[in-house]
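Right, one structure below, let's go through it.
Just so you know, all these numbers are worked out from the coordinates, no wet-lab data involved. None of the values given here were measured: they were computed from a predicted structure. When we count neighbours, we look across all protein chains shown, and the Cβ atoms used for this are built from the backbone with ideal geometry, even at glycine.
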Amino acid sequence: MPEVRAVEVQVDFGFSEEQELLRSEVRKLLDARAPLEQVRKTMETGPGYEPDLWRELAELGWLGLTIPEGFGGAGLGWVDLVVLLQETGRSLFPSPLISTTLAASAILDAGTEEQKQRWLPSLADGSRIGTLALLEASDSLAPTGIALLGKADGDAFVLSGQKKFVADAGAANLFVVAFRTGGGPQDLALGVLDAGAPGVTASHSATIDATKRLGTLSLDEARIPKSALLGEPGKAWPAIERLLDRGAIAVTAELTGAADAALSLTVQYAKDRIQFGAPIGKYQGVKHPLAEMYVDLESTKSLLYYAAWAVAESPSEVPRSASLAKAYGTDAFTRIGIDGVQLHGAVGYTAEYDIQLYLKRAKWARPAFGDSDFHYERVACLGGL
Amino acid sequence: MDFRLSPEEEAFRAEVRAFLDENLPEGQSRMDFPFLMEWNKKVRAKRWVGFSWPKEVGGGGGSLMQQVVLKEEMSKRKAPPLGACFMGLAWVGPAIVHYGTEAQKQRFIPDILDGAYQWCTGYSEPDTGSDLAALQCKCVREGDQYVVNGQKIWTSIAMWSKWMILLVRTDPKAASKHDGITCLLVEMSTPGIDVRPIQNMSGSSMFAEVFFNDVRVPVENRLGAEGQGWQVTVSALASERSSIAEVTAMFRKLEELQELAKKCTKDGAPATSDSKVRRQLAVFEAKIEAMKLNGLRSLTQQLRGEPMQGETSVNKLLRAELEVDMGDFALELLGSAGAYWKGSDETVDGGRWQFGALNWPEVVIGGGTPNIQRNIIAERILHLPKD
């Protein structure tokens, strides 16, 4: 073939050496400290994560990976975060990492200098766990889905009601709460609420994927001081939408790591399991679904990496890219989870085998920050249909 | 990760755009023969035909990135092809550049670049389609000639080609079926060659059966060594990469499908207000976007010098799904009118959607069926045992 000439490369759709190094460090730690036997124990505990290991992650700078150095973080970007989350996803690592990262992202995106100083260092050093409280009983990601009204009262808004489907609600001590300030569809605000404030109660339980926690934040005359509002009241929808995009990217990042692991487990099983005198991976009825899983997984990764790159480099492209990644990835992982179990045969259905854990992760990931119907509809709207 | 082009590449993009502004006027028909003749001369003079081939053989010596830019700009403007000799440029030429003798290079490469005539590809046989390496076409050497007897099939444009790149079996006793295959360059006017076109289900005849009866080929027209034919072919097909131009063409198809959806109705309401229609169009968009980004990831791998393992099969599978599903979806949108064939007054857009819904095998089957692509991924990338 004609020789490919060496050229100065600018377009570069791969990870840097530093990012590969980060990946191998995360992998080393999780292999040592959070193998699946350990994950299975942790997921049965009340808090659903290991506080000692959480502190260790903080010391390594991973909790504040995308928080600027000036606020106690590592000052890295969303592509680096994808590397970290792919590995936590691969291990089904139970922790409030995504929740805390997103809460920090909300403050970083819409907060004042003073607010960043006040909250970000504690989120980076692990002393505070943060989470987003966006959804309500409507389970709607549209602005009109937020009904909880904040009544202006002096220097605060007073909230009574419930935020639903709050990730890690029982572990968090800082909530970024979306609420309504008026009757217009987008009259919304974002405020930071301390878990210890009067009138605030929160609890969570294990989900279908026991490594993940979801719960309810109940508010009874809880006060969010105006000094704790992120941005101006009544104008928070764009910031909320950016959080939804980032949430979709974060969930998809973990999903690709988990799907990678599910595919590896199933490929290994197909090589080891002998039936009709040969490894079952020799038969096209088995190898073709595995090839399909690979196609879906690689395609999800490509869509995801572009969306993560766009967060810093091309923000106007984020809504479409994030929706494409989450929509495609969610459907792909649903298939991968189901086929993974099915290709294992009866043992895939046992509690003892690990493949079922990934199927459960797929069920958890589907609705998180919007299912494929939601995101494909968004793509259709953004494309002018 | 970085998706920006270097200043040199941006300058090259500007050069391509300026060329198109000047030489591809708005409203210019792509079927206008004198225009196409002129176009071919102009792009040839720019050395954009065989753009990535070495300058010594008459190519452009362009870099991979420049090639991406060139193809992208060309397909955005729906420009005519760069060069008229499709198979010559896609794989025959690269194989000759790599394996050919000096004499073969001088004889064939300029004609391929000029589009002087067409090449066809004699690979598949009635009993060896997907299992190409089992091919049986007989070939015996007699002095300084090879004598060929056998049959090829699914040979695209055989009836309009002057030359064929042909795979034959020279050593039936070779230890492996991959050995003992030899590659010949055969003039189609050689006595003993009989071409019989095959009509396909969409009504056109693009491919043919080709029969060889004591066809004599000079030894000097052998490409590569005797028994090296498999290698010559595999590396030639590998250069048929899934390209950015293909993705731009798919995006264009999607736009046309979106326009069709806007014209159609479903139960009295615009089809574009139907949630299933909206979702389906967005799913197509996701798959095409994935193809584009998968391609860029492979390109990065190539630029970094990392080995490729069959990643192009991923995009071939996505493309296959898209071709079949998009063709079918168009007819679904048309509803009952989708049942008409060209020739009726009721037929929408002259029957192009019906043609599209039946013509996908050209892309989906040619160059390896989807199941062959799945085997490649399973065996080369996932390292599952061969069956």
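Could you give the semi-axes, largest first, of the ellipsoid that matches region A:17-124, computed as the square roots of 5 times the alpha carbon gyration tensor eigenvalues and rounded to whole Å?
Details: eigenvalues 120, 55, 22 Å².
Three semi-axes, in Å: 25, 17, 11.
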* Provide, in order from the shortest bin, the percent of all Cα-Cα pairs of region B:241-381 in each 10 Å bin, continuing until the bin that contains the maximum pair distance. => 11, 36, 31, 16, 6, 1
* Under a plain spin-label model, where a point goes 7 Å from the Cα along Cα-to-Cβ, how far apart in nm are A:A32 and B:Y117? -> 7.0
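What is the calculated FRET efficiency for A:F276 to B:D171, with r their C-beta to C-beta distance and R₀ = 30 Å, to the nearest 0.05?
On the way: r = 35 Å, r/R0 = 1.16.
For R0 = 30 Å, the calculated efficiency reads 0.30.
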* Whole-angstrom Cα spans of region A:242-302 along principal axes, big to small -> 54, 15, 12
* Column: log10 I(q)/I(0), Debye, Cα scatterers of region A:209-338, q = 0.17, 0.19, 0.21 Å⁻¹ -> -0.96, -1.06, -1.15
* So for the pair B:A337, B:R380, with labels modelled 7 Å out along Cα→Cβ, what separation do we get in nm? -> 4.4
* Where does chain A land at 222 nm, in deg cm²/dmol rounded to the nearest 500, when only DSSP H runs of n ≥ 4 count, each adding -39500 (n - 2.57), divided by all residues? -> -16500 deg cm²/dmol
* To do: Can you give me the P(r) profile for region A:141-216? Cα pairs, bins 5 angstrom wide beginning at 0, each as a whole percent.
  => 3, 14, 24, 23, 17, 12, 4, 2, 0
* Structure fact -> Check: C-alpha center region B:103-166 vs C-alpha center region A:44-71, spacing in Å is 64
* Could you pull out every one of the lysines with an alpha carbon less than 22 Å from that of B:K46, ignoring same-chain neighbours closer than 8 positions? => B:K55, B:K71, B:K76, B:K78, B:K105
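How big is region B:119-225 by the Kirkwood estimate over distinct Cα pairs, in Å?
On the way: mean 1/r = 0.0718 Å⁻¹.
After inverting the mean inverse Cα-Cα distance, the result is 13.9 Å.
How big is the shadow of the Cα convex hull of region A:267-306, averaged over all directions, in nm²? Walk me through the numbers on the way to the answer.
On the way: hull surface 11.3 nm².
Here the figure is 2.8 nm², rounded to one decimal.
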* Asked: What is the sum of charges around B:P370, taking Lys and Arg as +1, Asp and Glu as -1, for the other residues whose C-beta is under 12 Å from the C-beta of B:P370?
  -> 0
* What is the gain in length, in nm to one decimal, between B:E15 and B:M37 on full extension, counting 0.36 nm per residue of separation less the C-alpha to C-alpha distance? -> 5.8 nm
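Expressed in whole Å with the largest first, what are the equivalent ellipsoid semi-axes of chain B derived from the C-alpha gyration tensor as the square root of 5 times each eigenvalue? Provide the component values of the computation, followed by the final result.
Details: eigenvalues 263, 139, 103 Å².
Each semi-axis is √(5λ); the values are 36, 26, 23 Å.
Pop out the Kirkwood hydrodynamic radius of the protein assembly as shown from its pairwise C-alpha distances, inverse of mean 1/r, in Å to one decimal. Walk me through the numbers before you get to the answer.
Working: mean 1/r = 0.0342 Å⁻¹.
So the Kirkwood estimate lands at 29.2 Å.
Would you mind getting me the FRET efficiency between A:A142 and B:R107? Use the beta-carbon distance for r and R0 = 51 Å, nearest 0.05.
On the way: r = 67 Å, r/R0 = 1.32.
Calculated transfer efficiency: 0.15.
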* **Calculated FRET efficiency for the pair A:R335/B:E259, C-beta based, R₀ 45 Å, to 0.05** => 0.90
* All Cα pairs of region B:7-83, percent lying beyond 19 Å -> 33
* In whole Å, largest first, what are the principal axis extents of the Cα atoms in chain A? => 78, 52, 45
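What full-extension length gain, to one decimal in nm, is calculated for A:E59 and A:R118 as 0.36 nm per residue of separation minus the Cα-Cα distance? Please list the in-between numbers first.
Values: separation 59, 0.36 × 59 = 21.24 nm, distance 1.94 nm.
Taking A:E59 through A:R118 to full extension adds about 19.3 nm, to one decimal.
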* Structure fact -> Out of B:G343, B:G229, B:G88, a Gaussian network model of chain B with alpha-carbon springs under 10 Å gives the largest mean-square fluctuation to B:G343
* Asked: How far, in degrees from 0 to 90, does helix A:355-365 lean away from the longest principal axis of the Cα atoms of chain A, to the nearest 10?
  -> 30
* Prolate/oblate/rounded call for region A:107-259, Cα gyration tensor, a/c under 1.5 rounded -> rounded
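Restricting to DSSP H runs of at least four residues, report the calculated mean residue ellipticity at 222 nm for chain B, -39500 (n - 2.57) per run over all residues, nearest 500 deg cm²/dmol. Walk me through the numbers on the way to the answer.
Numbers: 12 runs with 164 residues, N = 387.
Calculated at 222 nm, the ellipticity per residue is -13500 deg cm²/dmol.
Exposure proxy check: B:S75, B:S313 ranked by fewest other beta carbons within 10 Å?
On the way: B:S75 19, B:S313 24.
With the fewest neighbours first, B:S75, B:S313 line up as B:S75, B:S313.
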* What is the helix-to-structure angle for A:284-313, meaning the angle in degrees between its Cα long axis and the longest Cα principal axis of chain A, kept from 0 to 90 and rounded to the nearest 10? -> 30
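Output the antiparallel fraction of DSSP beta bridges having both residues in the protein assembly as shown, as a percent to the nearest 5. Walk me through the numbers on the way to the answer.
Working: 63 of 73 bridges.
Taking every DSSP beta bridge with both residues in the protein assembly as shown, the antiparallel ones total about 85 percent.
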* Structure fact -> Each label sits 7 Å from Cα toward the beta-carbon; between A:A197 and A:E44 the label points are separated, in nm, by 3.8
